[in-house]
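Read-outs: derived from the displayed coordinates by stated rules, not from any lab. Only a predicted model underlies this, so the values are computations on that prediction, with no experimental measurement involved. FYI the Cβ positions are ideal-geometry reconstructions off the backbone, even for glycines, and counts take in every protein chain you see.
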Amino acid sequence: TVTGPLFHLFQQALRVGRNVRRESGIGRNAMSVSQACVELAEGDLGDLRGLSAMVLGTGEAGGLAAMGLRSSGISDITVVNRTHHRAVELAKTLSGHAVPLPEMPDALRESDLVVACTGSPEYILGADLVSSAMASRPDRPMFLIDIAVPRDIDPAAGLVDNVFLHDVDDLDRVSEARRIAAANEAQQAEELIIKETEGFLQWRLAQQALPTVIALRDKAETIRSQELKKTLRKMNPDLSPDDTAALEAMTQAIVKKILHGPTVYLKEHRSPSELRMAREIFELRAEEC
């Protein structure tokens, strides 16, 4: 069982961890590629729930992007990949559906949001293909995110009316803003940890003076109690219990006030030499401290 200063350290570490997360917000601004995609989409389209999405590519980036879209509230997700069985596998994890690459133009017409990350050496979505898809939905905006290197989407597709095209540079800008915020959070967290560490060290130092303080108070209480008993024996034996209690309280208050200054001093000046000097001045035995 952990006890004493180590137990106090564990308890304070848990408390500081909670405070750091609450006060600094650290971790809130950590951002993955999938989160950056969602933030970009929400910036243009607002609430993503109820929209339809298409993911081109089933690699790691495609899978993460698809999961991010699913988590944002999009339930209608179409997965397209050159290797169809891989598209089917990813679609199953999303409760979505897979479409063979030749059928992609038809699926594009129904998609409000498209994330492309195939890594193909040539464009998967050309401007003509996007323009053709938009002809059947001129009043419904289409949001395209190209996170492939080299690009999967022809930049000219972004010139089509009501089409919003973003690429990895836009993701970097979103991520950079989050990185700056995360750096600020880390700085705040570090300052809180330093402050709490100093507080623990002060507490630990105060504990070193505690045995001497307790010994001093015990000795003073022993003297007070003995002297009060002597005085009471000399006084009228018919002294009422209330009077006896009043004398008890008065002497305790006197001792408390007298010891206040030395107690504060010992807690603030707790070097071994100062504690040793205090024990010598008040004639405290080493075993008492």
*Could you tell me which trypsin sites (Lys or Arg not before Pro) in segment 191-289 are loop residues by DSSP with no more than 15 other beta carbons within 10 angstrom of their beta carbon?*
Arg285
*Sticking with the crude label model, points 7 Å out along Cα→Cβ, report the distance from Ala156 to Leu45 in nm, one decimal please.*
2.5 nm
_Efficiency of FRET from Cβ geometry, Gln252 and Glu198, R₀ 35 Å, rounded to 0.05_ = 0.50
*P(r) tail for segment 205-288, what percent of Cα pairs lie past 23 Å?*
34 percent
*For His269, list long-range residues whose amide hydrogen, built 1.01 Å from N in the peptide plane, is under 5 Å from its own amide hydrogen.*
none
*Could you line up Ile223, Ile147 from fewest to most neighbouring Cβ atoms inside 10 Å?*
Ile223, Ile147
*Cα to Cα, under 21 Å, and not fewer than 8 places away if on the same chain: which lysines meet these conditions relative to Lys229?*
Lys219, Lys256, Lys257
_segment 47-144: trypsin sites (Lys or Arg not before Pro) in DSSP coil with no more than 10 other Cβ atoms inside 10 Å_ = Arg49
